[in-house]
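Have a look at the structure below before the remarks.
The values are calculated or read from the model by the stated rules, or taken from the named source; none is laboratory data. Nothing here was measured: the structure is a model prediction, and the numbers come from that model. Counting neighbours? That spans all protein chains shown, and the Cβs are built from the backbone with ideal geometry, glycine included. Each accessible area value is taken on the protein alone, full model and side chains, heavy atoms only, with ligands, DNA and RNA left out. Shrake-Rupley method; radii C 1.70, N 1.55, O 1.52, S 1.80 Å.
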Amino acid sequence: QAYAQTLANERSLPLDQVLAILGSARKNDTVIRLISPAPPDQKVWRSWKTYRNRFVEPKRIAWGVEFYKQHSDTLQRASERFKVPASTIVAIIGVETLYGRNMGNFRIADALTTLAFNYPETKNQAERAAMFKDQLSDFITLVIKGELSVNAVGSYAGAIGLPQFMPGSIMRYAIDGNND
């Protein structure tokens, strides 16, 4: 209740709409499990070889070439406008969503509310929960402004769309390239 009131006041949002969005959210235990660090007795190995075997493989390369060809005009315009090589844009989309094949299936309202108010106990729990409250605030703002659906889906961490941007990044940096 206090969070909703503060958000509504700070951003001049209708309190009833903020409460409705929060009221529709459900705690998701899978989100908590996926965001939690590995138990101390389980070492997670991250190496170039592991990464390369997962992300630099013939199937992904072929999908990247196909995506690049299919969207070459849009990629070229974005590359020229924002001074980011088209290949970098394609690589990010490939890593984040397999070129749109896996954009996540977690309801963003549920994921962000879960992480904002039920972040697992870790050494940086308060800091991480605060970050997710900020992201939840941005998500709610975008929903009330009609820029995102309250039922939007994405990653268990609250990331949305082809590049898996967090709501705060969408709010601050997103540009609608086709007026939809």
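Say a paramagnetic label sat at a point 7 Å from the Cα of Arg33, along Cα to Cβ; which residues of the stretch 137-180 have their backbone N under 18 Å from it?
Within reach of a label on Arg33: 155-158.
Within straight cross-link reach of Lys27, meaning Cα distance under 13 Å, which aspartates and glutamates are found once same-chain residues fewer than 8 apart are removed?
Within the straight-line limit of under 13 Å, Lys27 reaches these aspartates and glutamates: Asp110.
Measuring from centroid to centroid over Cα atoms, what is the spacing of the stretch 1-38 and the stretch 91-119 in Å?
Cα centroid to Cα centroid, the span is 16 Å.
Pop out the ³J(HN,Hα) list for the stretch 137-146 in order, Karplus 6.51 cos²θ - 1.76 cosθ + 1.60 with θ = phi - 60°, rounded to Hz; leave Gly and Pro as x.
Result, rounded to whole Hz: 4, 5, 4, 4, 4, 5, 5, 5, 6, x.
Among the GluC sites (Glu not before Pro) in the stretch 56-154, which ones are in a DSSP loop with at most 16 other Cβ atoms within 10 Å of the Cβ? Mind listing them? Please report the intermediate quantities before stating the final value.
On the way: sites: Glu66, Glu80, Glu96, Glu121, Glu127, Glu147; in loops: Glu121, Glu147.
Hits after loop and neighbour filter: Glu121, Glu147.
Tell me, what is the FRET efficiency for Ala174 and Glu10 to the nearest 0.05, using R0 = 22 angstrom and their Cβ-Cβ distance as r?
Result of the calculation: an efficiency of 0.60.
Return the long-range amide H neighbours of Phe165 (sequence gap of 5 or more, or a different chain), with a cut-off of under 5 Å between placed amide H atoms.
Long-range HN contacts for Phe165: Ile160.
Taking the Cα centre of the chain as origin and charging only Cβ (+1 Lys, Arg; -1 Asp, Glu), how large is the dipole, in debye to the nearest 20? Can you show the working numbers first?
Numbers: 22 positive and 17 negative charges, 145 e Å.
Dipole magnitude for the chain comes out near 700 debye.
I want to check a number: in the stretch 30-180, how many lysine pairs have alpha carbons closer than 25 Å, given a sequence separation of 8 or more or different chains?
Lysine pair count for the stretch 30-180: 6.
Give me the percent of the accessible area of the chain that comes from carbon and sulfur atoms, probe 1.4 Å, all protein chains in place.
Accessible surface attributable to carbon and sulfur in the chain totals 52 percent.
Write out the chymotrypsin sites (Phe, Trp or Tyr not before Pro) in the stretch 1-99 meeting two conditions: DSSP loop, and at most 10 other Cβ atoms within 10 Å of their Cβ.
For chymotrypsin sites (Phe, Trp or Tyr not before Pro) across the stretch 1-99 that sit outside H, G, I, E and B with at most 10 neighbouring Cβ atoms in 10 Å, the list reads Trp45.
Measuring with a 1.4 Å probe in the full set of protein chains, what accessible area per residue, in whole Å², belongs to the stretch 88-180? Can you show the working numbers first?
Working: 4780 Å² over 93 residues.
Computed with neighbouring chains in place, this is 51 Å² per residue.
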